[in-house]
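Step one of this worksheet: look at the structure below.
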Amino acid sequence: MKRPLVLLLEDDPDEAELMRLAFQKVDPHCELLVAAEGGEALALAAATAADDPSVRGPLLLVILDLKLPGMTGDEVLRALKAGPGTRGVPVLVLTSSELPGDVGRVYADGANALLRKPLAFRDLVDLVTGMLAFWGSPCLLRAE
């Protein structure tokens with residue numbers, strides 16, 4: 001059986017690892033794919049939308065950092081929401097930005113939520129639990 005996939009676009013390897021550990025703790029049935037840059041994330045999303053046999057499951061959710069080198073998080077968000085195979089996939093923007101303009105802009109571009117990056121691992125686990133409880137119904141949520 002194919003496991004649901006969550007795509008994380010995060011260029012900081014330490015933050016990506018913390019997110020992987022949080023997902024593993026909350027629900028080991030969801031597989032976290034990590035892309036460090038926008039082109040890689042769009043390629044992975046397109047492969048899941050095309051039901052590419054090399055991809056291990058359906059794309060359930062995209063978690064997107066706004067501040068990225070090269071292609072910005074805003075550009076990735078617009079591309080995901082414009083793609084016929086990915087426009088229906090929920091995109092959650094996870095950022096440390098406190099700029100008021102970010103909120104309106106990401107929602108105008110089609111984000112499903114704008115969430116602040118937590119500072120403590122326990123808070124990250126709580127955030128992942130909430131994400132999967134709200135957007136992750138296909139996952140078999142088994143919070144410990």
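The values are calculated or read from the model by the stated rules, or taken from the named source; none is laboratory data. Only a predicted model underlies this, so the values are computations on that prediction, with no experimental measurement involved. Here the Cβ is made from the backbone with ideal geometry for all residues, glycine too, and neighbour counts use every protein chain on show.
Per-structure values
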quantity: Criterion violated by V89 - all others in (1) modelled with pLDDT under 90; (2) part of a loop (DSSP other than H, G, I, E, B) satisfied; calculated: (1)
quantity: Residue in region 40-57 that is in a strand (DSSP E or B) and over 18 Å from E17 (Cβ atoms) present; calculated: no
quantity: Residue tally, condition over 16 Å from L64 (Cβ atoms) and touching a Ser or Thr at 6+ places or on another chain (Cβ under 8 Å), over region 1-48; calculated: 2
quantity: Region 92-120, residues that are surrounded by 19 or more Cβ atoms within 10 Å (Cβ to Cβ) and part of a helix (DSSP H, G or I); calculated: V106
quantity: Positions within region 75-91 being surrounded by fewer than 20 Cβ atoms within 10 Å (Cβ to Cβ) and either without any contact (Cβ under 8 Å) to a residue 24 or more places away in the chain or in contact with a helix residue (DSSP H, G or I) (Cβ under 9 Å, 6 or more places away or on another chain) (or both), in sequence order; calculated: E75, A79, A82, G83, P84, G85, T86, R87, G88, P90
quantity: Cβ pairs under 7 Å, 6+ apart, first in region 37-58 and modelled with pLDDT of 90 or more, second in a loop (DSSP other than H, G, I, E, B) and surrounded by fewer than 16 Cβ atoms within 10 Å (Cβ to Cβ); calculated: E37/P69; E37/G70; G38/G70
quantity: Breaking point among (1) part of a helix (DSSP H, G or I); (2) exposed (fewer than 13 other Cβ atoms within 10 Å of the Cβ); (3) modelled with pLDDT of 85 or more, for G70; calculated: (1)
quantity: Residue check for R122: at pLDDT 95 or above and more than 16 Å from L7 (Cα to Cα); calculated: yes
